[in-house]
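A.B. asks: Structure incoming, see below.
Coordinate-derived values only; no laboratory data. Predicted model only: the values in this text are computed from it and were never measured. Don't worry about glycine lacking a Cβ; one is built from the backbone with ideal geometry, like all the others, and counts go over all protein chains shown.
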Amino acid sequence: MLKQLNSIRYMYIRSHLYGLILNTFILLAVLLSIHVWFEPEWLSPGAILFFILSYIIIGFFMSLYAGFKSSGDMKQRFDYISTMITQLSRGEFSSKIYFNENDEVAGLGDELNELGEKLKQQKESLLKLADEKADLARSAHKAATIEERQRLARDLHDAVSQQLFALTMMAQAARKVFDKNPVKAREQLEEITQMALQAQTEMRALLLHLRPVHLSGEPLTEGISSLIEELKQKCPLHFQVQMEEMEEMSRTTEEQLFRVVQEALSNILRHANATEVKIGLNHSKGEMFLHISDNGAGFDPDEKKGNKASYGLKTMKERCEEIGGEFTIRSREGEGTHIDIRVPILLQTEEEST
């Protein structure tokens, strides 16, 4: 009820009633002044009262009629504007509104028409940008896939392929000297065994890169645990794992950190010659901390920078920086390698969770 009284129709009626009240006081003042100054016989106090009451009653109904009648057109025009705003909010930017009058309300309608045209242009621009972004994403994904394949091809050629070639040559040589010099042949067989184990380790590390890189909806901790269990069955490594549940990380952060762990374990298999690996995952005060270390051969980080084998380390650092994290590596020859990662925790959005 109160809401209806605040409508534009009742505002017009109230304005007419305010005018009636003002005119009544003015008329009453004029009649009383004539009565006091001139004292005409026909203008008695009773006549004044009768005239004022008649004027109020007739004026009241006339105000209701005039307010209701005059507000109809204005209400209709505002209804058109309200409909126009609703259509714009629904994305119907081609809608237009026109008034024959040349007043402020018509100007408001013209401004809404201009707003709809600008929104339409912005929508078309956003659609073009979305298409371009999708094309760029596909191109980037294709380029990353090609780069990864080229890297695996180089690794296969530089490591496994060359080792298999050396195994073939040594096996042929061992076969030739087997009858003449069994001791030398035995030494060559031992070398062949070691090279075969090394080639097997290299192959496992490369296969680790071919493993699915997505978490398939599972949390980061479960993905890392599955990866570790898979490596335990294939490699003589002892793992010490301490991980806290991380419920506040975004999907993108989890995916990137999983790739970092995957790359780190691959490097350990191929280069560290380690027997023990430690992995720690915890969070504190809005930050997540990931620690990966091994008791392997270690290396000199300064010498590694100019080596193509540092590609994996560079990739891990870039992945951390993409999610706003910090990547730190410490290593010395004979003392193993320690990797520490600090990443701010961002709440998972509804769009990422779908």
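A.B. asks: Past 32 Å, Cα to Cα, is the threshold; run Lys69/Lys123; Lys133/Lys232; Lys234/Lys317; Lys96/Lys128; Lys285/Lys317; Lys75/Lys118 against it and keep the listed order.
C.D. replies: Beyond 32 Å: Lys69/Lys123; Lys133/Lys232.
A.B. asks: Would you list which lysines come within 23 Å of Lys314, measuring only between C-alpha atoms, while excluding same-chain residues fewer than 8 positions from it?
C.D. replies: Lys142, Lys278, Lys304, Lys305
A.B. asks: Right, here's the next one. Starting from the Kirkwood Rh over alpha-carbon pairs, what translational D in µm² s⁻¹ does the stretch 219-263 have by Stokes-Einstein at 4 °C and 1.567 mPa s?
C.D. replies: Roughly 114 µm²/s, to the nearest whole number.
A.B. asks: Sort 40-49, 74-83, 319-328 by packing, meaning the average of other beta carbons within 10 Å per residue, with the highest value first.
C.D. replies: Most protected by this proxy first, the peptides run 319-328, 74-83, 40-49.
A.B. asks: Quick one: net charge around Met84, please, counting Lys, Arg +1 and Asp, Glu -1 for every other residue with C-beta under 10 Å from its C-beta.
C.D. replies: Summing Lys/Arg as +1 and Asp/Glu as -1 gives -1.
A.B. asks: For Met169 and Arg90, FRET efficiency with R0 = 45 Å and r from the beta-carbon atoms, rounded to 0.05?
C.D. replies: After rounding, the FRET efficiency stands at 0.05.
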